Amino acid sequence: MTPKTLRPARRSAGLLPYLLIAPALGLLAATLVIPIVSAVDISLHDIRVIGAAGPFSGADNYLRVLADPTFWAALGTSAVWVVGNALVQTLLAVIAALVLDQRFPGVRIARVWIILTWIVPTVVIVIIWRWLLSPSGGLVNPLLIQLGLIDRPVGFFASGPMAMTSLILINSWRWFPFVAVMLLAALQRIPADVYEAAAVDGANPLQRFFAITWPLLKPTLLVLTVMGTLLSFNVFDVIWLLTAGGPAGATRTLPVLIYETAFKAYRMGDAAAMSVIASLLMIGLAVMLLETLAPKEKRS
Amino acid sequence: MSLKPTLLAGALALAGAFGAAPSYAQTEVKLWHMEQPPHRVARIQELIDAFNAANPDIKVVQEPQSWDQVYAKVPAAIAAGNPPDMLFAIPDFTTVVRKVDQLESVADFVKELDAEHGFVPAAVEPYSYDGGVWAVPLYNMALSLWYNKKMLDDAGVAPPKTWSEWKAAAQTLSKDGIVGVGLPANKQLYTDQTTYAVMVNNGASDLFNADGSIAFDNEKTVGAYDFYKDLYQYSSPDAANWTWGEAEACFSSETCAMILQFTVISTYDAQGGGDAANLGVAPVPHADDQADSSTIAYSNGVMFLSKDPAKREASKKFIRFLLQPDNYGKFLTMEPGLFLPVTKDGAAAGTFWSDPLVVKYKSQVEQMIKNADRGMLFGFTGGHVFPAIGAISAQNMLAETLQKVVINGSDAATAVKEGAAAMTEATK
Amino acid sequence: MKRGLAGTAALLLGLLVLALVVLFPMWAVLSSSIKLPREIIHRIPTYFPKSFTLQHYQKLLATSDFPAYFGNSLVVALLSAAITVALATLAGYAFFRLEFRGRELIYRMVMVAYAFPSIVILIPIYLMFAKLGLIDTRTALVIVNVTFALPFSIWMMRTFFAALPHELEEAAAIDGASLFETARYVLVPLLGPGMASIAVFAFVSSWTEYLFASVLILSDAKRTIPVGLSGIIGQYQIDWGLLLAGASLSILPVVVFFAFVGRFFVSGLTEGAVK
């Protein structure tokens, strides 16, 4: 690593860094900050259908939302959804990354094509799984029957727990390869001589994994966990198109509830209030994860 | 770029697609509808092309939308000042649009069309309230009981007329992987419809009292939910996730022996073998103590959202054109057997009855039209319409109540009480 | 390192499971899209088609504007990718190469952009775009897609810059190269693989985006594949053959695309900027 005094930070020719980040920041400000300010504004008004005017109502919407058990139920469902996705995706991704980190014939091809599921549009994923899992015509039920795992067709969305499990698996199916490739990238940056030194020291593979691989993977895994948490919390389309939050509200996460409140119940003000609360929660969560989990590393 | 208008509709459509503007002033009117399957879009385009060719001063363009998104899109488009000029709608959606937009009543226009074509009164009714008529009825849809004749014959079961016959039939048919009766339990419009179809057959048709309070919580409703739960045990394991399409697929693949559906004709014909003699259709069975069957029926209509008089006039001209019996028959048969006529001369239109699928399934189509006669729509019965029906319908409260009963195993009386409370909340 | 027998067995098992999980659904979709309708919905499914037909593809191409959807998706995704790479590289240089006041804070603010549910900004964005006349334009989609790809892309930039020795720029500076020349002749070529990764990331994000495309686009001619495809799912009937053909046709182009650029994406990530 270059000593600090030699870093080309001297090039900080005054305005240059600001000019460089200006386009990116400008875009984010225009497309995120302005809409969020307007959402806050809506949340303070009693607005029903979007576009209709409504009187200023102060904190009424927030109080009503916080007193509504449906809101807390959705928050709980979101927590299950986020944790479930994090666990399944991390587990699958770590395994896949470790497999792909090995040397074997065809590994280059495998490393590229593992990501296949990630490049499939959500709508297509919904079509694929709705069809595969349907007892009339789908392939999964007959396959499981043939393998002797079940003896009659299962309704994969028939009960709350089943629907939630199916959704988490489908969403993870889409995302784990992406996480795996990110992890693989981190693995590949571990110099081979570190492993060799450990092997000489007589460490077994498991010890090597926990002594070397794991600590070096952690920073990447941390960022992926934080981003993954935020991204999966925000997932709406897969849930909406597959279960619409059902059955009986079992998969109604917060984004689904926000959508329903805004466009089905026509309570825009309440939906905006929920959004603001959700955003604050997410920011808090992200900061907390970064603060508590992050090793105090320095930037390059 | 300027092109001489030709009489060829195709060339005009092509020119339209490339943004060519004829050399004189033209009124462009935008039509939004939710008939998104490609063959329906194509049929509507044919009619639009013919209309545009005959009226060079008007250009109608269609932008198909999906029901999933339109509840968000239309209010947003109105708020942003770029709504469509014509919007196809169902009665409860009309109440939502009226909340965001000042609509002009089309009572006079409906009267004019009625004089010429003779509307079925039941089709106009759900749009007539608050001293106006808010949409022009265009087509009707009604739920029927569809059954596979051979499967019923093989099991020695007659088409059920009453609830006890229905349940017995479902029970007998359910064996060897066969689904006796495919009933959905999704929190979705289809389930609202099947639930209501069961409710009306127990005499529980009114959601509102005359004063606007909720009339949902009563014995008849509870009885209907109890019966639905009884039947649901013979439905498919994935019925909690069904929309119309799954039910049709189940029926066409001969997995389901009976389903409740508006039509299965085109799917059955394309995917299910297409033996017309084997396709049975009957009224939805009624409770044993009821005299006759009823069903749920949707009168679909078109709303005029434009404020510009020229565009309104052009829109009206297009609808006049559409309701001419010859065009109207073509329009209805964009999905043969699904869309039923709402005008008297339309019901006799040659282009309707000469459609190949209608010819092939004539007896079924006639039965469907008959079933539609006793159709009602939740929230639009009893001569009163209350705006809360928009939110009740959009949130699928009938279906949500059903899910509590059949999936969570709640007691029907408790679930209905909770449903009524949620509906009351929506009226506030 | 040598693998033992157990290691090889574990590796093979892992590979087999991965292949099955990723490829089986894809195979099922592709192979069923050429079956006759009756075989698709038959109660006893076939893993290898017994019938062969292209009717679903013919129907798809004849009755929907699939080529137009495809073109729109492609244009939007390519533009989104190009703009994302440009903005992320500029911002990445500032964040990871230059010192400036507020760097840490701004960097963190960019990263929490994902904390806002997209549902939240959907309607305000619609109203804002309506005022700007951007509704029903592909530009609107590009703007939204870049916004959502940007924070993660900037984070990815960090590793690429980290792998790039500072000495290179210093040497260039000593040789009297201007900042622009350094960027042009030193940074861009070396960051190339990293930029390719970001481009693919942004491309795929845009290619798969559904929610905003479904609300911001009104006319059929401007729809992207996800929205166009959701349209033919249909409200009242499901034509699985048509849908599976649509699914196959929307997967295949990305597969072809990925066959060319996939290795850059993965190697850009895994090998860092400097080899």
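So what is the calculated 222 nm ellipticity per residue for the protein assembly as shown, using -39500 (n - 2.57) for each DSSP H run with n of 4 or more, over all residues, to the nearest 500 deg cm²/dmol? Can you show the working numbers first?
Numbers: 48 runs with 599 residues, N = 1003.
Per the formula, -18500 deg cm²/dmol.
Can you tell me the dipole magnitude for the protein assembly as shown around its Cα centre, using point charges on the Cβ only (Lys, Arg +1; Asp, Glu -1), in Debye to the nearest 20? Don't jump to the answer; show the numbers that get you there.
On the way: 72 positive and 77 negative charges, 674 e Å.
For the protein assembly as shown, the charge dipole is close to 3240 debye.
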Average partner coverage of A:86-97, which counts Cβ from other chains inside 10 Å: 1
Selection from C:PHE96, C:MET157, C:ALA62, by position along the positive dipole direction of the stretch C:60-271 (Cβ): C:ALA62
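Considering only DSSP beta bridges whose two residues both sit in chain B, what percent are antiparallel, to the nearest 5? Display every interim value, and only then the final one.
Values: 23 of 38 bridges.
Antiparallel bridges: around 60 percent, rounded to the nearest 5.
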Dipole moment magnitude, nearest 20 debye, chain B about Cα centre, only Lys, Arg, Asp, Glu C-beta charged: 780
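Over chain B, what is the relative contact order in whole percent, taking alpha-carbon pairs under 8 Å and six or more residues apart?
Numbers: 767 pairs, mean separation 98.2, N = 428.
With pairs under 8 Å counted, the relative contact order is 23 percent.
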Within straight-line cross-link reach of B:LYS59, lysines at Cα separation under 27 Å, skipping those fewer than 8 residues along the same chain: B:LYS4, B:LYS30, B:LYS73, B:LYS111, B:LYS307, B:LYS311, B:LYS316, B:LYS317, B:LYS330, C:LYS131, C:LYS222
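For A:LEU289 and B:GLU112, what is the calculated FRET efficiency with R₀ set at 51 Å and r taken between the beta-carbons, to the nearest 0.05? Show your work: numbers first, answer last.
Values: r = 66 Å, r/R0 = 1.29.
So, using R0 = 51 Å, E works out to roughly 0.20.
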Space enclosed by the convex hull of the alpha-carbon atoms of chain B, per residue, Å³: 141
Percent RCO, i.e. relative contact order, over the stretch C:60-271, from Cα pairs under 8 Å lying at least 6 residues apart: 36
Cβ-based net charge around B:PRO84, under 12 Å, with every Lys or Arg adding one and every Asp or Glu removing one: -2
All aspartates and glutamates inside 12 Å of B:LYS149 as judged from Cα atoms, apart from same-chain residues fewer than 8 positions distant: B:GLU254, B:ASP275
Net charge, B:SER66 excluded, C-beta distance under 14 Å - Lys, Arg +1, Asp, Glu -1: -2
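How big is the equivalent ellipsoid of the stretch C:100-226 along its three axes, where each semi-axis is √(5λ) from the Cα gyration tensor, reported in whole Å from largest to smallest?
Details: eigenvalues 256, 58, 37 Å².
Square roots of five times the eigenvalues give 36, 17, 14 Å.
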Rounded, prolate or oblate (a/c below 1.5 giving rounded, otherwise prolate when a/b exceeds b/c) for the stretch A:58-293 by Cα gyration tensor: oblate
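I'd like to compare C:105-115, C:240-250: which one has the highest average count of other Cβ atoms within 10 Å, and what's the full order after that?
Numbers: C:105-115: 18.2, C:240-250: 25.1.
My ranking of the peptides, most packed first, is C:240-250, C:105-115.
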Most mobile of C:VAL186, C:VAL146, C:VAL204 in a GNM of chain C (Cα contacts under 10 Å): C:VAL186
Rounded Å value of the spacing that divides the Cα centres of the stretch B:253-295 and the stretch A:10-49: 56
Under 28 Å from the Cα of A:LYS218 - lysines, other chains or at least 8 residues apart: A:LYS4, A:LYS296, A:LYS298, C:LYS2, C:LYS275
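Read-outs throughout are calculated quantities, based only on the coordinates presented, and are distinct from any laboratory measurement. Values in this document were obtained by computation on a predicted structure and should not be read as measured data. Note that each Cβ is placed from the backbone with ideal geometry, even for glycine, and that neighbours are counted across all protein chains shown.
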